[in-house]
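The values are calculated or read from the model by the stated rules, or taken from the named source; none is laboratory data. Because the structure is a prediction, the values reported are computed rather than measured. Cβ placement follows ideal geometry from the backbone for every residue including glycine, while neighbour counts extend to all protein chains displayed.
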Amino acid sequence: MALLIRGGTVVNADLSRRADVLVDGERIIAVGENLEAPAGAEIVDAGGAFVMPGGIDPHTHMELLFMGTVSADDFEWGTKAALSGGTTTIVDFCIPGQNQSLVDAYRDWRNKSEKAAGDYSYHLAVTSWSDQVERDMGEIVNTHGVNTFKHFMAYKGALMVDDDILFRSFKRCAELGAIALVHAENGDVVAQMQEDFIAQGKTGPEFHAYSRPPAVEGEAAQRAIVIADMAGCPLYVVHTSSKPAHEAIARARAEGKRVFGEPLIQHLVLDETDYLNKSWDHAAQRVMSPPFRPKSHQDSLWAGLQAGSLQVVATDHCSFTMEQKRIGKNDFRMIPNGTGGLEDRMPVLWSAGVNSGRLTPNEFVAATSANAARILNMYPQKGVIMPGADADIVIWDPKATKTISAKTQVSRIEYNVFEGFELTGLPVKVYLRGRLAAENGQVRAERGQGRFVSRRPLPAFAEAQRRLKANTAPKAVAR
Ligand SMILES: NC(=O)NCCC(=O)O
Ligand SMILES: [Zn+2]
Ligand SMILES: [Zn+2]
């Protein structure tokens with residue numbers, strides 16, 4: 001069935017213009033002024049609101065087995081939360097269990113995601129190295145539609161990999177035309193600092209933050225940048241939370257390296273003082289890695305979004321109930337790391353970014369949708385309002401208001417780290433591939449409606465890197 005959205009301003013990352021949007025089935029087929037409605041088409045009056053591409057959250061963890069427990073939002077409820085806030089696609093981290101192959105983990109994730117209400121794609125985590133991992137990376141890229149591999153430089157004794165594995169895996173990424181992702185924190189230093197605090201009887205959640213200072217993130221980001229450069233693969237630093245990490249990325253980009261940075265909405269608007277709250281529950285709810293930072297780091301992250309040295313805003317949505325958080329009542333190391341945010345990412349970024357004048361509406365679209373689509377290679381299927389693109393469309397009312405409350409949220413947990421935030425600017429209608437998926441925050445999409453988004457490797461990147469490496473490789477002296 002056809003759908004015509006009239007009377008709005010289409011906001012893409014590069015341009016805003018008054019235009020109607022015509023959808024046929026799952027695709028946008030025309031964008032222009034005064035479009036004719038085909039017979040039987042549904043006509044929606046945008047009433048002067050913005051018409052934007054559906055959001056893409058490039059970093060989520062649905063029903064992830066992590067730190068001895070499973071994150072509370074599964075693919076159904078996580079994607080429903082996403083849709084209610086304007087995000088139509090998530091990219092989730094597929095993390096193999098111990099001794100599990102990458103391909104088996106991928107299959108598990110495909111099974112878990114069948115209940116998704118919104119669209120989804122994956123990053124695959126490399127948590128060990130062997131000939132099989134190397135082979136599987138090829139199969140994952142060439143036959144399973146995933147072109148990104150994640151590496152944890154922290155979580156020692158669990159997911160962490162060392163520099164040897166980083167270099168091997170990054171070289172493989174370069175061969176395959178894949179992007180390497182890193183969780184950048186020096187896991188060895190963190191583990192020792194944690195032990196030292198516990199030995200001193202310092203067990204509260206504030207020591208989670210004190211054991212992971214900005215410098216451990218800056219060092220790891222810089223190290224990953226150097227290793228990726230030597231391997232010749234593009235690098236994407238997830239949850240960039242601090243000035244030193246952002247500066248390492250900005251420096252690398254200024255030197256011509258292909259490095260991307262992803263701040264989280266949490267790190268942009270929340271800060272370390274939350275861990276000093278007298279309520280243990282309040283502080284533990286906000287335990288995540290990297291932790292919230294001293295407020296001064298926020299200016300650097302906002303500046304990065306404005307300057308283009310940071311490209312995308314994610315959530316790292318990995319939600320745990322209070323019962324799960326209390327596993328770490330006597331030892332901050334046992335508090336499951338992670339917070340929610342999927343339904344709040346776009347509205348909070350609009351209020352804190354666009355209403356404050358830090359971002360234009362076009363930059364908002366770039367940070368919430370278009371840049372992720374481009375970097376991860378799902379553009380122009382996703383991330384843009386143009387003919388041929390999936391009809392993932394958000395009608396955004398810049399005047400609509402709401403106060404965030406866990407009582408009315410879609411996520412299955414009983415608190416919200418943005419509780420009490422007053423927002424202006426909300427999605428009023430969200431379409432997923434042409435179907436109404438959420439209206440005024442109420443989810444209309446159903447379990448199982450989501451679809452896997454396959455992403456091809458990046459041959460242009462890989463080819464450019466190969467030529468550069470060949471041209472700059474050490475040459476033997478003819479004697
Ligand atoms: N970020 C976090 O604390 N939990 C999820 C896993 C990760 O991304 O490190
Ligand atoms: Zn991480
Ligand atoms: Zn994460």
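What residue, among those in the stretch 275-317 that are of a type in the set (D, E, K, R) and within 16 Å of ligand 3 (Cβ to nearest atom), is farthest from the chain's Cα centre (by Cα)?
Let us first name the residues in the stretch 275-317 that are of a type in the set (D, E, K, R), namely 278, 281, 286, 293, 295, 299, 316.
Narrowing the set further to residues that are within 16 Å of ligand 3 (Cβ to nearest atom) leaves 286, 316.
Values: 286: 18, 316: 6 Å.
For the stretch 275-317, the residue satisfying everything is 286.
Would it be correct to say that residue 359 is within 16 Å of ligand 1 (Cβ to nearest atom), aliphatic (A, V, I, L, M), in a loop (DSSP other than H, G, I, E, B) and surrounded by 21 or more Cβ atoms within 10 Å (Cβ to Cβ)? Give the derivation first.
Working: within 16 Å of ligand 1 (Cβ to nearest atom): no; aliphatic (A, V, I, L, M): yes; in a loop (DSSP other than H, G, I, E, B): yes; surrounded by 21 or more Cβ atoms within 10 Å (Cβ to Cβ): yes.
So residue 359 does not fit the description; no.
If residue 155 meets every condition in (1) crowded, with 24+ Cβ neighbours inside 10 Å; (2) within 16 Å of ligand 3 (Cβ to nearest atom); (3) aromatic (Phe, Trp, Tyr) apart from one, which number is that one?
The failed condition is (1).
Residue under question is residue 351, and the condition is that it be touching a strand residue (DSSP E or B) at 6+ places or on another chain (Cβ under 7 Å), under 27 Å from residue 460 (Cβ atoms) and of a type in the set (S, T, N, Q); does it hold?
On the way: touching a strand residue (DSSP E or B) at 6+ places or on another chain (Cβ under 7 Å): yes; under 27 Å from residue 460 (Cβ atoms): no; of a type in the set (S, T, N, Q): yes.
Spelling it out, it is not the case that residue 351 is touching a strand residue (DSSP E or B) at 6+ places or on another chain (Cβ under 7 Å), under 27 Å from residue 460 (Cβ atoms) and of a type in the set (S, T, N, Q).
How many residues, within the stretch 51-74, are within 15 Å of ligand 3 (Cβ to nearest atom), buried (at least 24 other Cβ atoms within 10 Å of the Cβ) and outside any loop (DSSP other than H, G, I, E, B)?
Qualifying residue count for the region: 4.
Could you tell me whether the stretch 445-461 includes any residue that is exposed (fewer than 15 other Cβ atoms within 10 Å of the Cβ) and modelled with pLDDT under 90?
Among the residues of the stretch 445-461, at least one is exposed (fewer than 15 other Cβ atoms within 10 Å of the Cβ) and modelled with pLDDT under 90, which makes the answer yes.
Before we move on, is residue 467 of a type outside the set (S, T, N, Q) and at pLDDT 95 or above?
On the way: of a type outside the set (S, T, N, Q): yes; at pLDDT 95 or above: no.
For residue 467, the condition - of a type outside the set (S, T, N, Q) and at pLDDT 95 or above - is not met.
Among the residues of the stretch 219-240 satisfying the criterion of being within 30 Å of residue 327 (Cβ to Cβ) and free of Cβ contacts under 8 Å to residues at least 60 places away in the same chain, which is farthest from ligand 2 (Cβ to nearest atom)?
Ranking the candidates gives 219 first.
For the stretch 318-340, which positions are of a type outside the set (Ser, Thr, Tyr) and within 14 Å of ligand 2 (Cβ to nearest atom)? Even if it seems obvious, please write down each step before you answer.
Our first condition is that a residue be of a type outside the set (Ser, Thr, Tyr); within the stretch 318-340, this holds for 318, 320, 322-338, 340.
Answer for the stretch 318-340, where residues must be of a type outside the set (Ser, Thr, Tyr) and within 14 Å of ligand 2 (Cβ to nearest atom): 318, 336, 337, 338.
Residues that are of a type in the set (Val, Ile, Thr) and more than 16 Å from ligand 1 (Cβ to nearest atom): does the stretch 331-345 have at least one? I'd like the intermediate steps shown before the answer.
Initially, the stretch 331-345 is screened for residues of a type in the set (Val, Ile, Thr), giving 335, 339.
From what's left, more than 16 Å from ligand 1 (Cβ to nearest atom): none.
Scanning the stretch 331-345, I find no residue that is of a type in the set (Val, Ile, Thr) and more than 16 Å from ligand 1 (Cβ to nearest atom), so the answer is no.
Right, residue 201: within 30 Å of residue 330 (Cα to Cα), more than 16 Å from ligand 3 (Cβ to nearest atom) and among the small types (Gly, Ala, Ser) or not?
Details: within 30 Å of residue 330 (Cα to Cα): yes; more than 16 Å from ligand 3 (Cβ to nearest atom): yes; among the small types (Gly, Ala, Ser): yes.
It is true that residue 201 is within 30 Å of residue 330 (Cα to Cα), more than 16 Å from ligand 3 (Cβ to nearest atom) and among the small types (Gly, Ala, Ser).
For residue 169, are the conditions met, namely being touching a strand residue (DSSP E or B) at 6+ places or on another chain (Cβ under 8 Å), on the phi < 0 side of the Ramachandran plot and part of a helix (DSSP H, G or I)? Spell out how you get there, then give the answer.
Details: touching a strand residue (DSSP E or B) at 6+ places or on another chain (Cβ under 8 Å): yes; on the phi < 0 side of the Ramachandran plot: yes; part of a helix (DSSP H, G or I): yes.
In short, yes.
Kindly indicate which of 3, 83, 35 is among the hydrophobic types (A, V, I, L, M, F, W, C), more than 17 Å from residue 380 (Cα to Cα) and part of a loop (DSSP other than H, G, I, E, B).
35
What pairs come up if the first residue lies in the stretch 316-335 and is at positive phi, the second is within 16 Å of ligand 3 (Cβ to nearest atom) and among the β-branched types (Val, Ile, Thr), and their beta carbons are under 8 Å apart, counting only those six or more places apart or on different chains?
Listed pairs, sorted by first residue: 316/60; 316/238; 316/339.
Show the residue pairs meeting these rules: Cβ distance below 8 Å; 6+ apart or different chains; first residue within the stretch 113-137 and farther than 15 Å from residue 178 by Cα; second residue in a loop (DSSP other than H, G, I, E, B) and of a type in the set (S, T, N, Q).
Listed by first residue and then by second, the contacts come to 116/449; 117/449; 118/449; 132/101.
Take the conditions surrounded by 22 or more Cβ atoms within 10 Å (Cβ to Cβ), away from ligand 1 (no atom under 15 Å from the Cβ) and modelled with pLDDT of 95 or more and apply them to residue 78. Does it pass? Break it down into steps so the answer makes sense when it comes.
Working: surrounded by 22 or more Cβ atoms within 10 Å (Cβ to Cβ): yes; away from ligand 1 (no atom under 15 Å from the Cβ): no; modelled with pLDDT of 95 or more: yes.
Criteria not met by residue 78.
Among the residues of the stretch 390-403, is there at least one that is out of contact with any helix residue (DSSP H, G or I) (no Cβ under 9 Å at 6 or more places or on another chain), closer than 30 Å to residue 326 by Cβ and surrounded by fewer than 23 Cβ atoms within 10 Å (Cβ to Cβ)?
Yes.
Among the numbered criteria (1) crowded, with 17+ Cβ neighbours inside 10 Å; (2) touching a strand residue (DSSP E or B) at 6+ places or on another chain (Cβ under 9 Å); (3) among the basic types (Lys, Arg), which one does residue 115 miss?
(2)
Any chance you could count how many residues in the stretch 42-67 are of a type in the set (Asp, Glu) and within 16 Å of ligand 2 (Cβ to nearest atom)?
Pass one, the stretch 42-67, residues of a type in the set (Asp, Glu): 42, 45, 57, 63.
Still in the list and also within 16 Å of ligand 2 (Cβ to nearest atom): 57.
Total meeting the criteria: 1.
Looking only at residues that are within 16 Å of ligand 1 (Cβ to nearest atom) and part of a loop (DSSP other than H, G, I, E, B) in the stretch 140-157, which one is nearest to residue 260 (Cα to Cα)? Even if it seems obvious, please write down each step before you answer.
If we filter the stretch 140-157 for residues that are within 16 Å of ligand 1 (Cβ to nearest atom), which is where we start, we get 148-157.
Those still in the list that are part of a loop (DSSP other than H, G, I, E, B) too: 153-157.
Working: 153: 17, 154: 19, 155: 22, 156: 24, 157: 27 Å.
Selected residue: 153.
What's the total number of residues in the stretch 323-348 that are part of a helix (DSSP H, G or I), out of contact with any His (no Cβ under 9 Å at 6 or more places or on another chain) and not polar (S, T, N, Q)? Walk me through how you get there before you give the answer.
First, pick out the residues of the stretch 323-348 that are part of a helix (DSSP H, G or I): 323-328, 332-334, 345-348.
Right, trim to out of contact with any His (no Cβ under 9 Å at 6 or more places or on another chain) and you get 323-327, 334, 346-348.
Subset that is not polar (S, T, N, Q): 323, 325-327, 334, 346-348.
Number satisfying all stated conditions: 8.
Suppose the filter is touching a Leu at 6+ places or on another chain (Cβ under 9 Å), away from ligand 3 (no atom under 15 Å from the Cβ) and either at positive phi or not in a helix (DSSP H, G or I) (or both); does residue 90 pass it?
On the way: touching a Leu at 6+ places or on another chain (Cβ under 9 Å): yes; away from ligand 3 (no atom under 15 Å from the Cβ): no; either at positive phi or not in a helix (DSSP H, G or I) (or both): yes.
Answer is no for this residue.
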